[in-house]
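The values are calculated or read from the model by the stated rules, or taken from the named source; none is laboratory data. If you're wondering where the values come from, they're calculated on a predicted model, not measured in any experiment. Please note: Cβ atoms are built from the backbone with ideal geometry, for glycine as well, and neighbour counts cover all protein chains shown.
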Amino acid sequence: MAETSTDNSSAAGIDLSQFYQVFFEEAGENLENMEQLLLELDIEAADDEEMNAIFRCAHSIKGGAATFGFSDVAELTHQMETLLDKLRRHELVPTPPMVDVLLQSGDALKAMLGRHQGSGGEEVDTTELLFNIRAMVAGEAPPAVASAPAAAPVVKAEAPAAPAAAPAASAGGAVPTTGKRIVELRVGPLTDMSQADNLVDLFKEITDLGTIEPLPDDPSLANVRRFKVDTASAESDLMDLFTFHVAREQVAFVAYGDAAAPAAAAPAKDPGYGFFEPIEAAAKPAEPAAPEPPKGYGFFDDAPGAPSGKPAAAAAAEPQQAKPAAVAAKPAAPKAEKPAAALEASTIRVSVEKVDQLINLVGELVITQAMLAQNSRGLDPVVYQQLVTGLTDLDRNTRDLQEAVMSIRMIPMSTVFSRFPRMLRDLANKLGKKVELVTQGEATELDKGLVEKITDPLTHLVRNSCDHGVEMPADRIANGKPEVGTITLAASHQGGSIVIEVRDDGRGLSREKLLRKAREKGIDAPDSLTDSEVWNLIFAPGFSTADVVTDVSGRGVGMDVVKKNITSLGGTVEIDSAEGYGMRVAVRLPLTLAIMDGMSVGVGEEVYILPLSSVVESFQVSQEMVKTIGGSGRVVEVRDEYMPVIELEKVFQVPRFDWEHNSGIMVVVEAESGRVALLVDELLGQQQVVVKNLETNYRKVNDVSGATIMGDGRVALILDVGSLVRRSRH
């Protein structure tokens, strides 16, 4: 595979590897789009345009993979394309097993592309997938698909997965990847020919690899070293070891004894990449066994192994009499690229590192602007009118710039939600349940960094709802519920936060069962606990309500990690449940981690920042309003409600004036379904602050979530309101 791409680049006179990243990104987008279309496909009444769209996704991936020499990806997508072509031309009727095998093929393609991209992992064996697709194309129902529709592609083992199939082709197109064999190893082209000697030393150090002997240099292969290798190791394992010394695209395996010819010519000897010639001949004897050599891989119509050996234009012309509407809805393959080109012209791909750098610079600009505003407060606005006006404009423009830059990192929640239909479909099939996923607020935007970190916790919550919440169909009918359970994912903006909810209409939480399980675990759980406190017991480490441990859940590892991860992002988790009716988990997160709106308060000589989204109100307080409970705890009455008082000077040991003989200021803050009143000396104002990670730059400090630089150059701590609320409870 890497060998082919190297030859392509040299033949064209350019280095194709510079375009790899664009191909990988576009292939990933096509795979996501294809999976979404397959999940939404109505099998009973498949729409022609939907089938054409799915076909175009596979077609685009195949064309790009063949161009860059990723022969395994091109072969699998070619077979998928053959099946999809018959479906869109109504030569076959779509069935659930066909959708399953196409979804499995998409998973295999993701793994292959990840491997080519350099993320590692074992080589994916597509033997069974190719066998099943070919059988479906021939109008047969493979036993493997009929018996296990949800089976995932297996990882390549040492023995062939299908004894009847021919050995899979390697990078050279004719070398088996496993088993005791002799192959020719080609390394190059190299600028320093001594680099290849490192591979000889590798075989000396790791004797289990086999033996290696140098072969005479071939004049037709410039700057390429050749070796005879006797090994039983898998080609993928050898490739992973070799790439520590030379680039992956500089390593290629070919059959020993072959004439030293460019690797790009290998597919001409082995039409269709050498997969399943005996099976293909039996299923479709009319196909020619030796198509013409590929013309530069034919971007796209003449890609290796085109269906029935005919150009795509001829295939598209066949169904005109039988189904004119389908043909009219399907543009010719080359024209299908025009909308994509127009879409690409309106966007630009930028690396995340560049966006992060831009955000950091804007953050520094916000600090500088705050510093200028601080120093200009004592200026006479009449004397320095132009300067004050300029600083006001700078303040406005800085805020607009900050909002514009932050919007670059904001991506819609649909990016996260789109991962769950497939996962839920497979999990429901595995558990024997019927579940429908409903999503709301997909357009709600969240910072990209938060999206990546919230995906795993949300995945666990959705799996929990399916496994623990939604009942079996028979139980739901017996309880007077619809046979199909509903899991709802909803996202919405509330103030300066985003709230993501996972709701289900299942059995809900049982108060008695939770209390019993907690006592069995040695957790203090009196009957006087409120419902909210009982629901929060599931966040205790090792706590699980499952009666049986399965590979889905039951080990008590998960919900505590979910809460820990969300809390580390400055978020909170709230649970609401009604036994027999369902459960709701609400995750509240800040919109971004980089810049936030805060209220600065003074305590003695120190300044602290409170997240503005957590501040409820503030008021002046006197000694008479504060009551002492139990000799140590203090509470203050606010509109017939008593709430705990936290004196920040005691929390952070800051000297301040004697407030018992003076009036102070209380700031009421809210987090994790609780409120506390913070005692401070003064309110300094509201401002935007740039959040800096205190743990990275200093060390972790209790009750502090970060730090910022104020306009006068001082460092102010950003308080962790959730931690302060938890402190008041203890």
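Data for the structure
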| quantity | calculated |
| --- | --- |
| Selection from segment 673-695 of residues that are among the β-branched types (Val, Ile, Thr) and closer than 15 Å to Leu717 by Cβ | Val680, Val689, Val690, Val691 |
| Residue in segment 570-589 that is within 30 Å of Pro655 (Cβ to Cβ) and in contact (Cβ under 8 Å) with a residue 24 or more places away in the chain present | yes |
| Given (1) in contact with a Leu (Cβ under 8 Å, 6 or more places away or on another chain); (2) more than 30 Å from Val362 (Cα to Cα); (3) part of a loop (DSSP other than H, G, I, E, B), index of the condition Pro655 fails | (1) |
| Condition broken by Met51, with the remaining ones in (1) closer than 22 Å to Thr127 by Cα; (2) buried (at least 22 other Cβ atoms within 10 Å of the Cβ); (3) of a type in the set (A, V, I, L, M, F, W, C) satisfied | (1) |
| Cβ-Cβ under 9 Å pairs, at least 6 apart or on other chains, segment 195-220 side over 17 Å from Val183 (Cβ atoms), far side aromatic (Phe, Trp, Tyr) | Asn198/Phe242; Asn198/Phe244 |
| Top-ranked residue of segment 470-511 - restricted to ones that are among the β-branched types (Val, Ile, Thr) and surrounded by 19 or more Cβ atoms within 10 Å (Cβ to Cβ), ranked as nearest to Trp535 (Cα to Cα) | Val502 |
| Residue in segment 236-253 that is basic (Lys, Arg) and touching a Leu at 6+ places or on another chain (Cβ under 6 Å) present | no |
| Residue satisfying all of: in segment 711-730; part of a loop (DSSP other than H, G, I, E, B) and in contact (Cβ under 8 Å) with a residue 12 or more places away in the chain; nearest to Ile609 (Cα to Cα) among these | Asp720 |
| Glu471 vs. criteria assigned to a loop (DSSP other than H, G, I, E, B) and either in contact with a Ser or Thr (Cβ under 6 Å, 6 or more places away or on another chain) or of a type in the set (Asp, Glu) (or both) | yes |
| Count - residues of segment 370-423 that are among the aromatic types (Phe, Trp, Tyr) and under 30 Å from Thr439 (Cα atoms) | 2 |
| Sole exception among (1) modelled with pLDDT under 85; (2) buried (at least 20 other Cβ atoms within 10 Å of the Cβ); (3) touching a strand residue (DSSP E or B) at 6+ places or on another chain (Cβ under 7 Å) for Asn536, by number | (2) |
| Hits in segment 415-432 - residues which are surrounded by fewer than 19 Cβ atoms within 10 Å (Cβ to Cβ), over 12 Å from the mean Cα position of the chain (by Cα) and small (Gly, Ala, Ser) | Gly432 |
| Single match in Leu514, Leu461 (criterion: touching a residue at least 24 places away in the same chain (Cβ under 8 Å), closer than 23 Å to Pro412 by Cβ and crowded, with 20+ Cβ neighbours inside 10 Å) | Leu461 |
| Qualifying position, being over 30 Å from Ala404 (Cα atoms), in contact with an Asp or Glu (Cβ under 6 Å, 6 or more places away or on another chain) and in the same structural domain as Gly582 (by TED's automatic domain parsing), among Gly480, Gly469 | Gly469 |
| Residue match in segment 418-437 (condition: touching a His at 6+ places or on another chain (Cβ under 9 Å) and among the charged types (D, E, K, R)) | no |
| Hits in segment 433-453 (condition: outside any helix (DSSP H, G or I), surrounded by fewer than 17 Cβ atoms within 10 Å (Cβ to Cβ) and at pLDDT below 90) | Glu442, Ala443 |
| Thr708 assigned to a strand (DSSP E or B) and more than 30 Å from Asp524 (Cβ to Cβ) | yes |
| Single condition Val701 does not satisfy, out of (1) modelled with pLDDT of 85 or more; (2) under 39 Å from the mean Cα position of the chain (by Cα); (3) of a type in the set (Val, Ile, Thr); (4) farther than 21 Å from Asp597 by Cα | (1) |
| Cβ-Cβ under 6 Å pairs, at least 6 apart or on other chains, segment 354-377 side farther than 21 Å from Thr389 by Cα, far side outside any helix (DSSP H, G or I) | Ile359/Ala594; Gly363/Val690 |
| Only one of Val388, Val382, Val350 that is at pLDDT 85 or above, out of contact with any Phe, Trp or Tyr (no Cβ under 8 Å at 6 or more places or on another chain) and in a loop (DSSP other than H, G, I, E, B) | Val382 |
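Residue-by-condition table, conditions (1) outside the structural domain of Gln117 (by TED's automatic domain parsing); (2) surrounded by 16 or more Cβ atoms within 10 Å (Cβ to Cβ); (3) not in a helix (DSSP H, G or I):
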{"position": "Gln195", "(1), (2), (3)": "yes, yes, no"}
{"position": "Leu199", "(1), (2), (3)": "yes, yes, no"}
{"position": "Lys204", "(1), (2), (3)": "yes, no, no"}
{"position": "Pro214", "(1), (2), (3)": "yes, no, yes"}
{"position": "Pro219", "(1), (2), (3)": "yes, no, yes"}
{"position": "Lys228", "(1), (2), (3)": "yes, no, yes"}
{"position": "Leu238", "(1), (2), (3)": "yes, yes, no"}
{"position": "Phe244", "(1), (2), (3)": "yes, no, yes"}
